[in-house]
Every structure is written in C-alpha cells, then in structure tokens.
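Okay, so here's the structure we're looking at.
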Amino acid sequence: PIALSILNEYGKHIHKDEITDIEEIAGHGIKANINNQIVLVGNTKLMNDYSIEYPLIESTGTLVYVAYNNEYVGTIEINDTLKETTVESIKELKNKGIQHFIMLTGDRKETALKIASDCGIDEVYYDLLPTDKVTKIEEIMNQSNKKVAYVGDGINDAPVLARSDLGIAMGGLGSEAAIEASDLVLMKDDLSQLANGIELARFTQKIMNQNIVFILLVKLAVLVLSIFGYANMWLGVFADVGVALIAVLNSMRRKA
C-alpha cells in the first residue's frame, strides 16, 4: 500500500529499464541501482545501516527516507486514513463481547499510537518485523486463557494469521499469502463485516440448538407413546419426515 500510494502521487511513467539490482531489505526498505547510482528508499534503520545523515522529522505519519548516491535527498510522509466504518465497527465488536483489542504493526511509534487512540484500541505494539509479530502473538496467546483472533491483509501478516487461533484475512485488497494462511476471509475490506459474521454465526448456532432439541423431544415423545401403545404409523412418519421438514423450514428463517 505504501509503494502504491507513492506511485499514484508521482503519476508519471516509470522507466523500468533504468532500474536494476533491486533488493528488498526486510523491515528496512528498498535498495536499487538507477543509471549506475545507488538509491535507498526506506526507514531510519536503512539510513543508519548505510551511515547516511538525515534530519529527525516529527510526524504522526509513516516517513519514507530517500538517499541518492549515499546522500540524503528528501523524505516522503504518508498518513494512514481510517475508514469511516472502522471506529464504529470496533465499538460494535466490543458490544458483542470482544473486549480487548491489540494492534501489532510495523509502523513507527507516533503513527501506531495515533491510530490506536482514534480507534479505541486497548494495547499497541509498534516497529515490529514479521518475525516480531509472530513472537508477540505467541506471547499474547500464552498469557491469555481465551481464543485469540488476528485480522490482517498483507504478506507480513501471513505467518501471524496461520499461528493465531483464528486468522481473518481481508479478501478485497488482501495478499494471496494472507488469504491462503487465514481461516476466514472477509470478502469486503470492512471490519463491520466481521461483526455481521459474528451475529450470523450466533444466530446459526441458535437455530441448530433449536432444531436438535425439537427433534430429540418429538422423537422421545413418540417413543414413549409407542411403549404404551398410543403411537400409530402416521405419528411415526411425522416423527421422522415431519420433524425433518420443520427443522429445514426453521433453518430458512432470517433474523429480522
């Protein structure tokens, strides 16, 4: 998403034939050769690795530092925009009994804390590499006696989605790796769909319980009547086929 936002803002044709030796440095950024000059694009860790002096910039956004020929040339600032439904979705999830929300992110401290504050997230861990996220989710799972669900959409989220008790991937813009590693996929990139899914699951469980109890009670009643000689063939047919049809009709109900 960060790379796409930079490309969209640039808005010009990219001469890919001038770019060679592209190297992705995990958790740091990108190194490439453009017209025989080294270009570095990434975070402060990348700048420090190559001993490049850069200014300290106060910002709540994501900062992308750019160096050309081992000299700092500028910084790109990117601010995350919360979806309109995110805050309300988290409130709705809390109303449904999910009380503790934790954010694991590779973003800077300032960015992570601002997003967490805006969303009402209870706990936040920032500056995490993909392996750090796995380590942190394991710590959370070991400390909690409850099930832990993780929602993510990127390649970096795939290991955590696979490790958590319930991995939930965003199916719209989510990476194939995240979708493959998850247990549940939201077809729309909207947390409100998760709240709807929980409501649907609980309603489905309610219908299943009703059907099981109804079928067992009817069959038990017919069995008792047959012991005392009050059950005929038609009552037996109702106890078998009739209750099955009633259960099917009950399962077709939609919650108002």
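Here residue 63 meets the list (1) out of contact with any Ser or Thr (no Cβ under 6 Å at 6 or more places or on another chain); (2) in contact (Cβ under 8 Å) with a residue 40 or more places away in the chain; (3) of a type outside the set (Gly, Ala, Ser) almost entirely, failing just condition (1). Here the condition is being free of Cβ contacts under 8 Å to residues at least 40 places away in the same chain and either in contact with a strand residue (DSSP E or B) (Cβ under 9 Å, 6 or more places away or on another chain) or within 23 Å of residue 111 (Cα to Cα) (or both); of 16, 45, 12, it holds for 45 alone. Count of the stretch 51-88 residues, restricted to those that are open to solvent by less than 80 Å² (accessible area, probe 1.4 Å) and either acidic (Asp, Glu) or touching a Lys or Arg at 6+ places or on another chain (Cβ under 6 Å) (or both), is 1.
Conditions (1) part of a helix (DSSP H, G or I); (2) among the aromatic types (Phe, Trp, Tyr); (3) touching a strand residue (DSSP E or B) at 6+ places or on another chain (Cβ under 6 Å), marked per residue:
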position	(1), (2), (3)
193	yes, no, yes
230	no, yes, no
238	yes, yes, no
246	yes, no, no
249	yes, no, no
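Within the stretch 99-111, track down each residue that is free of Cβ contacts under 8 Å to residues at least 40 places away in the same chain, open to solvent by less than 50 Å² (accessible area, probe 1.4 Å) and within 16 Å of residue 27 (Cα to Cα). Break it down stepwise before answering.
Taking the stretch 99-111 and keeping what is free of Cβ contacts under 8 Å to residues at least 40 places away in the same chain, we get 99-103, 105, 109.
From what's left, open to solvent by less than 50 Å² (accessible area, probe 1.4 Å): 101, 103, 105.
Passing the criteria: only 105.
For residue 129, indicate whether it is under 16 Å from the mean Cα position of the chain (by Cα) and surrounded by 13 or more Cβ atoms within 10 Å (Cβ to Cβ). It would help to see each step written out before you state the result.
On the way: under 16 Å from the mean Cα position of the chain (by Cα): no; surrounded by 13 or more Cβ atoms within 10 Å (Cβ to Cβ): yes.
So residue 129 fails the test.
The values are calculated or read from the model by the stated rules, or taken from the named source; none is laboratory data. None of these values were measured; they are calculated from a predicted model. Backbone-built Cβ (ideal geometry, glycine too); neighbour counts: all protein chains shown. The area values use the complete protein model at the heavy-atom level, side chains included, leaving out ligands, DNA and RNA. Shrake-Rupley method; radii C 1.70, N 1.55, O 1.52, S 1.80 Å.
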